[in-house]
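The values are calculated or read from the model by the stated rules, or taken from the named source; none is laboratory data. Computed from a prediction, not measured in an experiment: that's the story for all the values here. Glycine gets a Cβ as well: all are built from the backbone with ideal geometry, and neighbour counts include every protein chain shown.
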Amino acid sequence: LCSDTWCPLMRLLVEVLDTNHMATHQAVLAAFSSLSVNPFQLFLTYANARPQLTIFQNLLHRAVTYILYTLSSSPSPLIQYLFKDVDILGQTLAGCDLSQGDFLNGLSKRTLHGFYLNLASSIRCASESSPNAELISSLIQASNNASRWETFLKDVREYEEKNRGDDTGITPPPASNIVDTAKIDACDMPDQMVSNATQVRFRHQKI
């Protein structure tokens, strides 16, 4: 996985998703569905493997939020894709667990944990206030992780209260002024990080 490639690609995806054009979202879904590996799960694995790469984390967070807040005559098909194919709830829960691992240093723990709490906050807010709130709420309730997610939201709300008023990216609709604060070339992590990230993801997929 190459930082120099993945960040520009994610920037491009964000630009593509920053639209309410249904045909564009359908084209993205068709392209993603044709691949043997789920792209969003791969994006999340990469974020786990590079916990201090906040550039990539912010772009990925923005991509998910743009999907959830798509305003169109009918909900974007990428919303169901996120919940059913990507299992965004399970991935977020697994990522939060991973961010507390002993193999991470203090800064990596805080950065990765903050990323997943921000992501969870966006999902929670979208289920209440986005144009697609009804669909998102129903997908959450239908998820195998619904009960765990509801319990987890207590931590999310506490995080929101502590960070209210800060430019954390947790207030919908998606902010356009997220600042890139990390240098790509300073974020390489040992191979063990990739291995642990993959193990946690697959363990949660089996639950």
*Among the residues of region 28-41, count how many are crowded, with 16+ Cβ neighbours inside 10 Å and not in a helix (DSSP H, G or I).*
1
*Give me the pairs, please: first residue somewhere in region 120-142 and free of Cβ contacts under 8 Å to residues at least 60 places away in the same chain, second residue anywhere and of a type in the set (A, V, I, L, M) and not in a helix (DSSP H, G or I), beta-carbon distance under 7 Å, and either six or more positions apart or on two chains.*
121/170
_Elements of type helices (runs of 4 or more DSSP H) contained in region 67-149, each with 1 or more residues being modelled with pLDDT under 95_ = 88-98, 106-129
_Extreme residue, nearest to residue 52 (Cα to Cα), among residues of region 95-119 that are among the charged types (D, E, K, R) and without any contact (Cβ under 8 Å) to a residue 40 or more places away in the chain_ = 110
*How many residues does region 66-79 hold that are closer than 15 Å to residue 11 by Cβ and either free of Cβ contacts under 8 Å to residues at least 40 places away in the same chain or not aromatic (Phe, Trp, Tyr) (or both)?*
0
*Across region 1-47, which residue is farthest from residue 95 (Cα to Cα) among those that are aromatic (Phe, Trp, Tyr) and at pLDDT below 95?*
6
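So if I check each of 44, 12, which one is surrounded by 16 or more Cβ atoms within 10 Å (Cβ to Cβ), assigned to a helix (DSSP H, G or I) and either of a type in the set (A, V, I, L, M) or at positive phi (or both)? Even if it seems obvious, please write down each step before you answer.
Values: 12 fails: surrounded by 16 or more Cβ atoms within 10 Å (Cβ to Cβ).
Selected residue: 44, the only one of 44, 12 that is surrounded by 16 or more Cβ atoms within 10 Å (Cβ to Cβ), assigned to a helix (DSSP H, G or I) and either of a type in the set (A, V, I, L, M) or at positive phi (or both).
Would you mind stating whether residue 148 is among the charged types (D, E, K, R), buried (at least 20 other Cβ atoms within 10 Å of the Cβ) and either within 22 Å of residue 41 (Cβ to Cβ) or in contact (Cβ under 8 Å) with a residue 24 or more places away in the chain (or both)? If you could, list the steps in order and put the result at the bottom.
On the way: among the charged types (D, E, K, R): yes; buried (at least 20 other Cβ atoms within 10 Å of the Cβ): no; either within 22 Å of residue 41 (Cβ to Cβ) or in contact (Cβ under 8 Å) with a residue 24 or more places away in the chain (or both): yes.
Here the answer is no, as residue 148 does not meet what is asked.
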